[in-house]
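Below is one structure, written out as structure tokens; comments come after it.
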Amino acid sequence: SMNEAIIDFSIAATHGGSILLSEVNYLNSKPLDRKRILITGGAGFVGSHLTDKLMMDGHEVTVVDNFFTGRKRNVEHWIGHENFELINHDVVEPLYIEVDQIYHLASPASPPNYMYNPIKTLKTNTIGTLNMLGLAKRVGARLLLASTSEVYGDPEVHPQNEEYWGHVNPIGPRACYDEGKRVAETMCYAYMKQEGVEVRVARIFNTFGSRMHMNDGRVVSNFILQALQGEPLTVYGSGSQTRAFQYVSDLVNGLVLLMNSNISSPVNLGNPEEHTILEFARLIKSLVVSQSQIQFLPEAQDDPQRRRPDIRKAKMMLGWEPVVPLEEGLNKTIQYFSRELEHQANNQYIPKPKAARMKKGRPRHN
Ligand SMILES: NC(=O)c1ccc[n+]([C@@H]2O[C@H](COP(=O)([O-])OP(=O)(O)OC[C@H]3O[C@@H](n4cnc5c(N)ncnc54)[C@H](O)[C@@H]3O)[C@@H](O)[C@H]2O)c1
């Protein structure tokens, strides 16, 4: 299928594999409804897969990214293509370009990344979103905000549907992200009501796949790394806590469907299929064919309660639901991680010791 092609292609392309340019050009020569599309955060995990899909569909794609957590490597296979542009730009600064649609994804997304500089996270989600809504208003573009299940906070209802207002601590360590996204949603609807800007809001739940960040401490990435490196898979507590993950190609399809729908209210995009942590550990261990042990450690404090999406709205109004089986998604992710580990091993920069430079007779401490 189309999706299959994109994912496999992306793995090959980001690892020096050859690109079937003829195929890409062929697909790009017959766009039905070519649009000029801006993707903020397009060099990140989700954004780069979205870039692949929209490029393959024949659109003109401009990626704007400040490379805080994104990488040029994620989109390098498009550099030089006539429909593609990559701009090194921070959304906290205004941007003036002509586009028809804006996918606004720019924001650090995992706890270690968004807690690294909470003020910057707030600026990106507030000023950055205002800037993109201002752009949408000026050029008459439609804007889709990549919001998050974190707007539901530590939820008091299961599963969460879009009507739920959430349970967020406004001064906790996650607030810079949770509240940043909540006010970003508020801004979308203010621009819609006051200025007539067309907005779409996707509340994205946990997502995994190739190009995800390997070291941000998430369950799936931790287990895959541990299994590949022959280290014990660390399970905190009994392992009976559950998690639900969607594969990135499912999410990307949902984002595009939502953007092109007429639904302006928020829509959950996630996979409601829950698995216990222990199930994840066993499955990943067997898929990697790893000799690793499963090691049980004391329960982590503040281990998030279950969070599971209610996706009835997306099903009913977009005809969308996740279709990639967990095993298939895991296999692709494992393949990506193992190539990444190889790449890192081959590209380690080992600085050679240099004689200290002298300035006014004293060694410089640099
Ligand atoms: N991955 C998930 O499970 C998940 C879940 C919920 C929501 N989301 C949302 O989806 C979006 C994409 O997440 P991701 O997982 O791809 O994360 P990511 O970190 O891989 O991508 C975010 C991108 O935004 C860029 N960026 C950050 N600040 C910027 C700024 N000020 N200006 C320009 N670019 C900036 C980063 O460099 C990166 O390329 C985010 O908005 C995130 O909040 C993701």
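The values are calculated or read from the model by the stated rules, or taken from the named source; none is laboratory data. Note that the coordinates shown come from a computational prediction; the quantities given were computed from them, not determined experimentally. All Cβ positions, glycine included, derive from the backbone under ideal geometry; neighbour counts span all protein chains shown. Accessible surface is based on the protein model in full, side chains and every heavy atom, while ligands, DNA and RNA are left aside. Shrake-Rupley method; radii C 1.70, N 1.55, O 1.52, S 1.80 Å.
Quick rundown of the values:
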| item | result |
| --- | --- |
| Failed item in (1) more than 23 Å from Glu231 (Cα to Cα); (2) within 15 Å of the ligand (Cβ to nearest atom); (3) open to solvent by 20 Å² or more (accessible area, probe 1.4 Å); (4) at pLDDT below 95, with Arg243 passing the rest | (1) |
| Matching residues, region 295-332, being buried (at least 18 other Cβ atoms within 10 Å of the Cβ) and farther than 19 Å from Val248 by Cβ | Asp310, Lys313 |
| Some residue of region 151-161 being among the acidic types (Asp, Glu) and open to solvent by less than 60 Å² (accessible area, probe 1.4 Å) | no |
| Counted residues, region 264-278 - those being within 24 Å of the chain's Cα centre (by Cα) and surrounded by fewer than 19 Cβ atoms within 10 Å (Cβ to Cβ) | 7 |
| Which numbered condition Glu163 fails, given (1) under 30 Å from Lys285 (Cα atoms); (2) without any contact (Cβ under 8 Å) to a residue 24 or more places away in the chain; (3) charged (D, E, K, R) | (1) |
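Quick grid of which residues meet (1) at pLDDT 95 or above; (2) in a helix (DSSP H, G or I); (3) buried (at least 20 other Cβ atoms within 10 Å of the Cβ):
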| residue | (1), (2), (3) |
| --- | --- |
| Tyr177 | yes, yes, yes |
| Thr186 | yes, yes, no |
| Tyr191 | yes, yes, yes |
| Arg211 | yes, no, yes |
| Ile224 | yes, yes, yes |
| Glu231 | yes, no, no |
